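Only the coordinates and a few stated rules stand behind these numbers; no lab work does. No experiment lies behind these values; they were computed from the predicted model shown. Cβ placement follows ideal geometry from the backbone for every residue including glycine, while neighbour counts extend to all protein chains displayed.
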């Protein structure tokens with residue numbers, strides 16, 4: 001999927017940036033696995049802690065306190081903050097719970113929110129995977145889902 005994304009971004013002359021939490025840089029790694037990715041990958045962050053989300057991406061402390069890091073609101077603010085700080089054409093965020101610990105009834109292991117933000121539109125995605133998937137596989141599946149979402153978003 002990353003090769004299809006690379007082709008579209010290159011043809012359209014667009015750049016992409018990522019702000020990752022639960023995927024821990026895996027999304028960025030997949031995008032940069034494509035030869036020539038320096039033409040479209042702009043700037044990527046792994047903002048795992050709430051402090052990093054606040055300081056680097058300007059996610060409001062109030063958002064983190066009220067909704068938590070794993071929320072639509074946080075995913076949106078991460079992507080918006082990334083756009084404001086990098087100026088990339090397409091900004092993508094990921095935030096979720098890869099497990100095996102840390103989930104709750106409201107926010108179980110396997111829950112991830114992702115946002116894609118551009119100057120003219122944005123979309124928030126909720127992904128729920130089985131909670132019994134091993135952590136490393138969970139991160140891989142999260143990254144794959146986000147790549148599919150990016151492809152669909154830029155193909156519209």
(message) Go through segment 136-147 and report how many residues are surrounded by 14 or more Cβ atoms within 10 Å (Cβ to Cβ), out of contact with any helix residue (DSSP H, G or I) (no Cβ under 8 Å at 6 or more places or on another chain) and over 20 Å from residue 73 (Cα atoms).
(response) 3
(request) Taking only segment 15-68 into account, find how many residues are in a loop (DSSP other than H, G, I, E, B), in contact (Cβ under 8 Å) with a residue 24 or more places away in the chain and more than 19 Å from residue 81 (Cβ to Cβ). (result) 4
